[in-house]
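Visitor: Take a look at the following structure, please.
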Amino acid sequence: MKNLFVKIAAVGLLMLVPAIAQAAEGYSTANVNMRAGPSTRYPAVAVIPAGSSVEIRGCLSDVNWCDVEFYGGRGWVSGQYVQALYQQRRVYVGPQYYRPLGIPMIRFSVDNYWDRYYRNRDFYRDRDRWSRGPDYYYRDRDNRDRDRDRDRNNRDRDRDWRDRDGRGQDRDRDRNRDWRDDNRRDDRRDNDRRVFDCRPGDPSCDP
């Protein structure tokens, strides 16, 4: 019975070996951004210097992007910037080399991937919008920017209207003040004329 358990355990370990070994060593061919998802529109999480070693954890089957590990961090890099050693020569990582290099084909999910690696990142708070894809995120952001610009323009128009209205009220006050001043000057002229026209014996000259 003991030998049976040992054999079962050994078989289990052998079954796990391919899963553990399904990764390949690669090299960046340029200073390239490691991103939070398989697109240049996802946030950059690190810069991998040219010639640096990366561990390729898996690649997508539909687009040439790979999940890599670099100095303990995880992110996505386009296969056109990653080479791997194949039959004594370096080749750019592409679908035709996934199987020979032992690279598994994987899928990407913002929810699972970001929960695992990016909880402490600023962009994590926008995870719900990013989960619909980078195109949706940027379209949503553009719409929000347009709404914000529209609100700003409305506030500017309201302020201009208030300023114009205030200037109009000032002009009205100035016109009223000028009118009152003119009336006072007319009154003074009338009083001066009465004094000048006064003749002795004129009842209007009596104090």
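Only the coordinates and a few stated rules stand behind these numbers; no lab work does. Please read these numbers as outputs of a predicted model, since none were measured by experiment. Cβ atoms come from the backbone with ideal geometry, glycine included; neighbour counts cover every protein chain shown.
Visitor: Say a paramagnetic label sat at a point 7 Å from the Cα of Ser53, along Cα to Cβ; which residues of segment 65-82 have their backbone N under 16 Å from it?
Guide: Label zone hits: 69-73.
Visitor: To two decimal places, what compactness ratio does segment 43-89 give when its Cα radius of gyration is scaled by 2.2 N^0.38 Å?
Guide: Against the empirical 2.2 N^0.38 Å value, I get 1.15 for segment 43-89.
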